[in-house]
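This report concerns only the one structure given below.
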Amino acid sequence: MRLALAAKGSLLAAMGALFGALALRALGPPARWWAILFGLGFVLLGAFLAWAGLMAWLDALIGGAVTASGARALPSRRAGHSLRLPDGHFVEFILHNPWAPLVPGRIYNVTYGRFSRVLVAPPVEGREG
């Protein structure tokens, strides 16, 4: 799983660098108002992707998984999240679900990376409470 986290972190960091390069290109001369707006958007998106890549790399290098009970499977993964923790945070699969499919609305016990909030072990069906 550490190798998968490192690969995901590298992919996210590369995407962040791509958006950083696009931002430099958009903000370079001759700067037009619409290019500046796009450039600022690229800066924000690139910074977020670089941060997410760093979190995945921290989990790959340092480790430190967290176990939580009471995570509810979401009805849709459209936002990229897979389960909602009782504290309101979300956890997700590495890139896809390599384990058994989740049943939307069911409660699971999960183990995820401390920094990236990526599942590092198969979710185990639990109960509320």
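On the given criteria, is Arg32 modelled with pLDDT under 90 and basic (Lys, Arg)? Judged against the criteria, Arg32 is a match. Among the residues of segment 22-31, are any assigned to a helix (DSSP H, G or I), among the small types (Gly, Ala, Ser), more than 25 Å from the chain's Cα centre (by Cα) and buried (at least 16 other Cβ atoms within 10 Å of the Cβ)? There is at least one residue in segment 22-31 that is assigned to a helix (DSSP H, G or I), among the small types (Gly, Ala, Ser), more than 25 Å from the chain's Cα centre (by Cα) and buried (at least 16 other Cβ atoms within 10 Å of the Cβ). Of the residues making up segment 105-123, those that are part of a strand (DSSP E or B) and farther than 20 Å from Met55 by Cβ number 3. Note on segment 46-104: residues that are surrounded by fewer than 16 Cβ atoms within 10 Å (Cβ to Cβ), assigned to a strand (DSSP E or B) and charged (D, E, K, R) total 1. Considered as a group, the residues in segment 34-45 that are without any contact (Cβ under 8 Å) to a residue 12 or more places away in the chain and either within 18 Å of the chain's Cα centre (by Cα) or surrounded by fewer than 12 Cβ atoms within 10 Å (Cβ to Cβ) (or both) include one that is farthest from Arg127 (Cα to Cα), and that residue is Trp34. For Ile107, which of the numbered conditions (1) over 23 Å from Lys8 (Cβ atoms); (2) in the same structural domain as Ala17 (by TED's automatic domain parsing) fails to hold? Among (1) over 23 Å from Lys8 (Cβ atoms); (2) in the same structural domain as Ala17 (by TED's automatic domain parsing), the lone unmet condition for Ile107 is (2).
Whenever a residue of segment 2-15 is within 9 Å of Asp59 (Cβ to Cβ), its partners that are not in a helix (DSSP H, G or I), lying with C-beta atoms within less than 9 angstrom and at least six residues away or across chains, give the pairs Arg2/Gly63; Arg2/Val120; Leu5/Ile94; Leu5/Gly113; Leu5/Ser116; Leu5/Val118; Leu5/Val120; Gly9/Ser116. Among the candidates Ala56, Ala71, Ala65, which residue alone is over 16 Å from the mean Cα position of the chain (by Cα) and either within 13 Å of Met1 (Cα to Cα) or of a type outside the set (Phe, Trp, Tyr) (or both)? On inspection, the qualifying residue turns out to be Ala71.
The values are calculated or read from the model by the stated rules, or taken from the named source; none is laboratory data. Predicted, not measured: the structure shown is a model, and the values here were computed from it. When we count neighbours, we look across all protein chains shown, and the Cβ atoms used for this are built from the backbone with ideal geometry, even at glycine.
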